[in-house]
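Peer 1: One structure, as structure tokens, below. Some questions next.
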Amino acid sequence: MDSEHYKIESEPFYAPQGNEIDLYTAAYASRLPMMVKGPTGCGKSRFIEHMAWKLGKPLITVACNEDITASDLVGRYLLDAGGTRWLDGPLTVAARIGAICYLDEIVEARQDTMVVIHPLTDHRRTLPLDKKGERVEAHPDFQLVISYNPGYQSLMKDLKQSTKQRFVALDFDYAGAGLEADILVKETGIDKAVAGKLVQVGMTARKLKGHGLDEGISTRLLVYAASLIKGGVAVRDACRMALVRPVTDDADIRSTLDHAIDAVFEV
Amino acid sequence: MEITTPQTFVLQPEALKTYREHLTCSFPQLDDVFADCMTEAAALLSPKGIDDYLAGASRVCMIGRGFEPVLTYLENMPRVARQVGAEALPLISQAVWKMSRTPNGCAIPGFLQTIAEATRRLGSLEQLQRYVDLMFDMMERTTRSIPGFHDTIPSPGMPGLLEQIPFLLSQLSLEGLRNWINYGIHNHGDHPEQQRDFFQLQSADSRAVLQRERHGVLFADHERKLDLYLWAMWLEQGEEKPDLVPYSESFDESRKPQPYFDKLGIRVPDIYDDLNGVSGLDRYRALLAHIAGHRRWSGPVIADNFSPFQRIAIELFEDCRIDTLVMRRYPGLRRILLSLHPTPTGEACDPEAESCIRHRLAILSRAVLDPDYDYGDPDIREFAERFQNLLVEGESETKDMVGLATSFVARTRRQSDQLPNVRYTDTVVDYRDDNRSLWVFTEIGSEEASFDLNEKQVQEADSPEFGLPPRHYHEWDYTTQSIRPDWVSLYESLHPGASPALVDKLLARNTALAARLKQILDMLKPQWLVRVRYQEDGSELDLDVAIRSLIDFRAGHIPDPRINMSHRSDGRDIAVSLLIDLSQSVADVPAGCQQTVLELSQEAVALLGWAIDKLGDEFAIAGFSSNTRHEVRYQHIKGFAEKWDDNVKARLGALEAGYSTRMGAALRHAGHYLDARRAEKKLLLVLTDGEPSDIDVDDECLLIEDTRKAVQELDRDGIYTHCISLDRRADEYVSDIFGQHYTVIDNIERLPEKLPQLFMSLTK
Ligand SMILES: Nc1ncnc2c1ncn2[C@@H]1O[C@H](COP(=O)(O)OP(=O)(O)OP(=O)(O)O)[C@@H](O)[C@H]1O
Ligand SMILES: [Mg+2]
């Protein structure tokens, strides 16, 4: 198995918000399963990529969706010219080669998928492959990481206590204004002043959370807006398209955010 | 405009009797409604307000127009007073009395019917007063005496006009309404038939003039946008939003009123036309930006130390500082503010003939804000520069403006400043307030008599008429970080029912909404038909599984024979419990609404019940309130096992408000029922209009902390709690309790639509 294949070669840019790098490093030293919590698009995935790079470990990411089943993670038999062949799923591969396995948005996956990760997250650190009749002992470097957005507001997408309680957790939130602007600059090469204004627009929208907005404008959307502007799209169009239209259909909120854009940028 | 609501009000029979004695009125029908009206009045009005209310009702009774006007007064006035102040009580009853002394007595019922809607639309006492004056003016001008007789003929147009008032007010500002009425009187005053048609909106010119008067942006139509504007752009997270109170611009003959703000809120015009290319909505935003700037950056100045000229100058420099900071924060507002700012020309004012003080200051203001402004005066240039220098580095402060303003006055003073004819042209800055909040006066009048709150009447639990013995629940005391075991007694009882008709009526009223909800329900439906895989016998072959079996077979394993699939309906395995806050405050009519919170909740819950019933989820409803820790009431409305039937609807239709909100205990009790369900997913919805509180607890945080603890306990037991808050100020505490699991409904009137939608999105 080629673990080099999963190594991250160049440093993914990550701007730390606090001491999360140290905390993660400590958790990894004990191979504790990790849960990263926070609103959508605030840098959770980026952080894990950065940590995998920093620790020099391979990273296997699975973006979960509702069609993911247990065997999609664990593996299955496939037909072959000569007969059949077992193919490890990403989780199994990670356990074998000692990768960090990042299950992104795990709540999206079907409930029964959760159960297969349980034996990997306690002292056993094993993964039973029932079909194959094999029990994989996790490689000493293996670590399981899941991400979880507590703001989802759906009980169908809430994690069971029995699952939650197997992880240590790090809380993420949108970076503070100055830092977030730096991120936009680094990510897109946009002008610093424009980045600051984009962040200001983001902040106004975040204050409407609970007043008709389920989630504020994410860093990811701000990065999108910045790259559109960098690519020559007019500021106002870029902001409306990347920041306002995706987050709301409410006419009053739209009018308020459109106004905020015009007020922040002198357009 | 807020009258504090006693959180827990119980109308004792003796009190009711005393109140009845103060109402001089002997209609037998009164007995049926008095207790209800009085309970509401007692909850909404101060003791003085109650006196005025009863005196007012007595007066309305005395006019001899039957019971209807009395009933209308009794039913509507508590909410009217709640919205615009208790002064509305004598205002309306005296108007009715006065009207009864005219030939137009027959218009009284119609007049009273308009008051609630007019108040809602107009939003302040002053506006309501103007409305009443306007109606009287119209009435008097259209009442004719017949020459030679002593007799008079009542106004032909009045009854029709009153009928149209709700519609007219939704289209016109008060000024527009006045212009429209004036047109009608002027052109049709002498033709009873035409006049009738005009005021009933039956004639072509009536509709045309209505269109003509319909201009500008009505505050009432944009209130939510402006709230959002303040939240998003000017308030900090969790900061309380000031109320916006509208006034009318054109009724004061002597001087045009200006916006201002004080402790009660921000006073804004009820209508704005477009001006200099700025839309009415943006004018509101400019005004709010300026006022928000004052609230954020201005400090108080002691007025006594300054001459009137100095004060004007100080206000102006401070306004300029605020505008500069506003534009610094939001540069895009520059275009709007400058478009609304006058551009006076230097020579326009003749210092020999008139006082140029305002003119001079307006030039300075423009000079400071607009780098492209062309003016010649070297003094202005110097002060504009000194101003800029003060603001280069930071925000400067009000104190600096005081210094600058006083030296400006000293430098530019002219004899003619004292002249009585002050030049006003091009000196009014549209979006600025009157700066009253800048000043403090040292010789403050005697301290307001601090009235003692009546000793809390500890109500003797009119002791549990409840059948079941109490259940005891613990409560969390955050001050000692410990649990008080068996602290709270909770009594569960079956909520009395009336007739299911009310709920059916509420449902019937919402058929359009129900149809829309039905579409969403249908989208959830595919889940009803779930594929059941791995069946030996099924309706069709499951190709995936069949191939896998084949693979197993080839690989020498025992193939799985379960290679068929079938379909089964109902994939949802959810138990939902809905907990409704029935504390006294839900009897309030929120500003801008016509129904009480309770009525809106009933409507919303009716729709939700209907929807959940359609989905087939397990479902329970209960109400709660509390009167100290010794008596938490938990009212059973629907059990999990019960059907959504007439009994349930009858209980729902009979909900009543009273007492306080000890939420933790109620959550724990609802949780213990949910805990016993076997469903895979358990959802506890709490519908409330305020924070947890009770009369035996003074520390506001205690019950908030306890409720947060209760939510954590529920979470631990696998119960997902979600709060639907109708409290606009909920931001301050709701996330402390419920984490991310909450929704604040700002526009309470849309609750009936929002609640079922919310439920469906939570369980999607
Ligand atoms: N601290 C940060 N350092 C660098 N980039 C960041 C940071 N925070 C956010 N970003 C930017 O935001 C984008 C979105 O972040 P990311 O994909 O990590 O979000 P996420 O929290 O995983 O969101 P989701 O919950 O939707 O998966 C990144 O691609 C990156 O451009
Ligand atoms: Mg992500």
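The values are calculated or read from the model by the stated rules, or taken from the named source; none is laboratory data. Everything quoted here is computed from the prediction, not taken from an experiment. Please note: Cβ atoms are built from the backbone with ideal geometry, for glycine as well, and neighbour counts cover all protein chains shown. The area values use the complete protein model at the heavy-atom level, side chains included, leaving out ligands, DNA and RNA. Shrake-Rupley method; radii C 1.70, N 1.55, O 1.52, S 1.80 Å.
Peer 1: Mind counting the residues in the range A:98-123 that are away from ligand 1 (no atom under 16 Å from the Cβ), under 19 Å from the mean Cα position of the chain (by Cα) and under 24 Å from A:Y6 (Cα atoms)?
Peer 2: Result for the range A:98-123: 4.
Peer 1: Would you kindly identify the strands (runs of 3 or more DSSP E) lying entirely within the range A:113-191 that contain at least 1 residues that are within 16 Å of ligand 2 (Cβ to nearest atom)?
Peer 2: Values: elements: A:126-129, A:134-137, A:143-148, A:168-171.
Result: A:143-148, A:168-171.
Peer 1: Okay, moving on. When both residues are 6+ apart or on different chains and their Cβ atoms are under 7 Å apart, which pairs have a first residue that lies in the range A:200-227 and is open to solvent by 10 Å² or more (accessible area, probe 1.4 Å), and a second that is acidic (D, E) and not in a helix (DSSP H, G or I)?
Peer 2: Pairs found: A:K209/A:E215; A:G212/A:D250; A:G212/B:D746.
Peer 1: Hey, among the residues in the range B:192-226 that are open to solvent by less than 60 Å² (accessible area, probe 1.4 Å) and of a type in the set (D, E, K, R), which one's farthest from the other protein chains (Cβ to nearest Cβ)?
Peer 2: B:D205
Peer 1: List the helices (runs of 4 or more DSSP H) that sit entirely inside the range A:1-102 and contain at least 2 residues that are buried (at least 19 other Cβ atoms within 10 Å of the Cβ) and away from ligand 2 (no atom under 16 Å from the Cβ).
Peer 2: A:20-29, A:70-74, A:90-97
Peer 1: Which is assigned to a helix (DSSP H, G or I), without any contact (Cβ under 8 Å) to a residue 40 or more places away in the chain and open to solvent by less than 20 Å² (accessible area, probe 1.4 Å), of B:A95, B:A57, B:A35?
Peer 2: Exactly one of B:A95, B:A57, B:A35 is assigned to a helix (DSSP H, G or I), without any contact (Cβ under 8 Å) to a residue 40 or more places away in the chain and open to solvent by less than 20 Å² (accessible area, probe 1.4 Å), namely B:A57.
Residue-by-condition table, conditions (1) more than 12 Å from ligand 1 (Cβ to nearest atom); (2) of a type in the set (D, E, K, R); (3) not assigned by TED's automatic domain parsing to the domain that holds A:E187:
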| residue | (1), (2), (3) |
| --- | --- |
| A:L23 | yes, no, yes |
| A:A29 | yes, no, yes |
| A:P33 | yes, no, yes |
| A:G41 | no, no, yes |
| A:S45 | no, no, yes |
| A:C64 | no, no, yes |
| A:T69 | yes, no, yes |
| A:D72 | yes, yes, yes |
| A:A81 | yes, no, yes |
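Peer 1: Let me ask something else. Check A:L144, A:L129 and return the single one that is more than 13 Å from ligand 1 (Cβ to nearest atom), within 14 Å of another protein chain (Cβ to nearest Cβ) and either over 30 Å from A:K197 (Cα atoms) or open to solvent by less than 40 Å² (accessible area, probe 1.4 Å) (or both).
Peer 2: Going through A:L144, A:L129 in turn, the sole match is A:L129.
Peer 1: Which residue out of B:S279, B:S307 is within 22 Å of B:Y247 (Cβ to Cβ) and either surrounded by fewer than 21 Cβ atoms within 10 Å (Cβ to Cβ) or aromatic (F, W, Y) (or both)? Spell out the reasoning first.
Peer 2: On the way: B:S307 fails: within 22 Å of B:Y247 (Cβ to Cβ).
Answer to the check: B:S279.
Peer 1: So the check is Cβ under 7 Å with 6+ separation or different chains; which pairs have a first residue in the range B:408-436 that's under 21 Å from B:R296 (Cβ atoms) and a second one that's among the β-branched types (V, I, T) and open to solvent by less than 10 Å² (accessible area, probe 1.4 Å)?
Peer 2: B:D433/B:I291
Peer 1: Within the range B:227-236, which residues are surrounded by fewer than 20 Cβ atoms within 10 Å (Cβ to Cβ) and either away from every other protein chain (no Cβ under 14 Å) or not aliphatic (A, V, I, L, M) (or both)?
Peer 2: Passing the criteria: only B:E236.
Peer 1: Taking B:Q602 and the conditions (1) open to solvent by 10 Å² or more (accessible area, probe 1.4 Å); (2) farther than 29 Å from B:L667 by Cβ; (3) not in a loop (DSSP other than H, G, I, E, B), which numbered condition does it fall short on, given that it satisfies the others?
Peer 2: Single failed check for B:Q602: (2).
Peer 1: May I ask you to list the residues in the range B:570-595 that are part of a loop (DSSP other than H, G, I, E, B) and touching a residue at least 60 places away in the same chain (Cβ under 8 Å)?
Peer 2: The answer is B:R572, B:D573, B:L582, B:S583, B:D588, B:V589, B:P590, B:A591, B:G592, B:C593, B:Q594, B:Q595.
Peer 1: Within the range B:563-580, can one find any residue that is on the phi > 0 side of the Ramachandran plot and surrounded by 15 or more Cβ atoms within 10 Å (Cβ to Cβ)?
Peer 2: Checked the range B:563-580: no residue is on the phi > 0 side of the Ramachandran plot and surrounded by 15 or more Cβ atoms within 10 Å (Cβ to Cβ).
Peer 1: A further question on this structure: If I ask for residues that are facing another protein chain (nearest Cβ under 7 Å), within 15 Å of A:G38 (Cα to Cα) and at pLDDT 70 or above, which ones from the range A:149-167 would you list?
Peer 2: Answer for the range A:149-167, where residues must be facing another protein chain (nearest Cβ under 7 Å), within 15 Å of A:G38 (Cα to Cα) and at pLDDT 70 or above: A:P150, A:D158.
Peer 1: Quick one: is A:D171 open to solvent by 10 Å² or more (accessible area, probe 1.4 Å), under 30 Å from B:K754 (Cβ atoms), within 19 Å of the chain's Cα centre (by Cα) and within 12 Å of ligand 1 (Cβ to nearest atom)?
Peer 2: Considered against the rule, which asks whether it is open to solvent by 10 Å² or more (accessible area, probe 1.4 Å), under 30 Å from B:K754 (Cβ atoms), within 19 Å of the chain's Cα centre (by Cα) and within 12 Å of ligand 1 (Cβ to nearest atom), A:D171 comes out as yes.
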